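Just below is one structure, and these are the notes that go with it.
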Amino acid sequence: MSRAVIITSYIENEINIKEYLHPEDYVICTDGGYDIASSQNISPDILLGDFDSIKCELPENIEIKSFQPEKDYTDLDLAMRTAVESGFSELEIFGGIGGRLDHTVANLQLIYHYNDFFEKLIMLDGMNKCFILDSKKLSNFVIPREKNSYLSVFSLSEESVGVSISGAKYPLQNHTLTRNFPLGVSNEFKQKNTVISIKDGILLIVISKM
């Protein structure tokens, strides 16, 4: 599978991105994400944005796409569009969580919007990671236990029907989660693997370190 990686301009909780990279990954930096990439000796394939937050000088040996600050799309949206147009099947986003609440909400909306375009889509930093379980793609997902971490499950669709959780402190069996009540927040890993299954709907799964 082909994978694109986006490094955003803001990562609240530090993470060693190089540990997650594969040699064949296509790396996209948005604006100040180039500063973060440079600090970790990562050379991106493309740099894009309105460049209102970058501190380094723009490189001469990397493809650059520049946009006006007054635009309808955020830098992350433009980067995700680039990944879609380039035909990548997987996307991993570093950053996009924390800091300004409006940006975090916008980024969660983006991973929901672009869910249909990728077989696998994840957003993470050194504290959190989030991804989507869509019943149109998968009926269940196995999550290996992560030490000292919470596991939360939210319905992005109006209803998520037939949700079951096993291997966690608070199991769930064939339950309907709704978008207006956070029943699935702050669960905990109890076994080697936690299995989340769904019959119909779209779930946002969040893993957060304690």
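The table that follows gives values for the structure above.
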{"quantity": "Selection within the stretch 178-187 - surrounded by fewer than 18 Cβ atoms within 10 Å (Cβ to Cβ) and not in a strand (DSSP E or B)", "calculated": "Arg179, Asn180, Phe181, Pro182, Leu183, Val185, Ser186"}
{"quantity": "The stretch 81-94, subset acidic (Asp, Glu) and part of a strand (DSSP E or B), residue farthest from Phe118 (Cα to Cα)", "calculated": "Glu92"}
{"quantity": "Residues that are surrounded by fewer than 18 Cβ atoms within 10 Å (Cβ to Cβ) and either in contact with a Ser or Thr (Cβ under 6 Å, 6 or more places away or on another chain) or assigned to a strand (DSSP E or B) (or both), drawn from the stretch 107-121", "calculated": "Glu119, Lys120"}
{"quantity": "Matching option when the condition is open to solvent by 40 Å² or more (accessible area, probe 1.4 Å), out of contact with any Pro (no Cβ under 7 Å at 6 or more places or on another chain), basic (Lys, Arg) and closer than 25 Å to Glu90 by Cα, among Lys190, Lys169, Lys129", "calculated": "Lys129"}
{"quantity": "Residue match in the stretch 194-208 (condition: without any contact (Cβ under 8 Å) to a residue 24 or more places away in the chain, assigned to a loop (DSSP other than H, G, I, E, B), among the charged types (D, E, K, R) and surrounded by fewer than 20 Cβ atoms within 10 Å (Cβ to Cβ))", "calculated": "no"}
{"quantity": "Test for Lys147: is it over 19 Å from the mean Cα position of the chain (by Cα), over 20 Å from Ile93 (Cβ atoms) and modelled with pLDDT under 95", "calculated": "yes"}
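The values are calculated or read from the model by the stated rules, or taken from the named source; none is laboratory data. All figures in this text were calculated on a predicted structure; none of them were measured in a lab. Quick reminder, even Gly has a Cβ in these numbers, built from the backbone with ideal geometry, and neighbours come from all protein chains shown. Please note that ligands, DNA and RNA were not included when accessible areas were found on the heavy atoms of the full protein model with its side chains. Shrake-Rupley method; radii C 1.70, N 1.55, O 1.52, S 1.80 Å.
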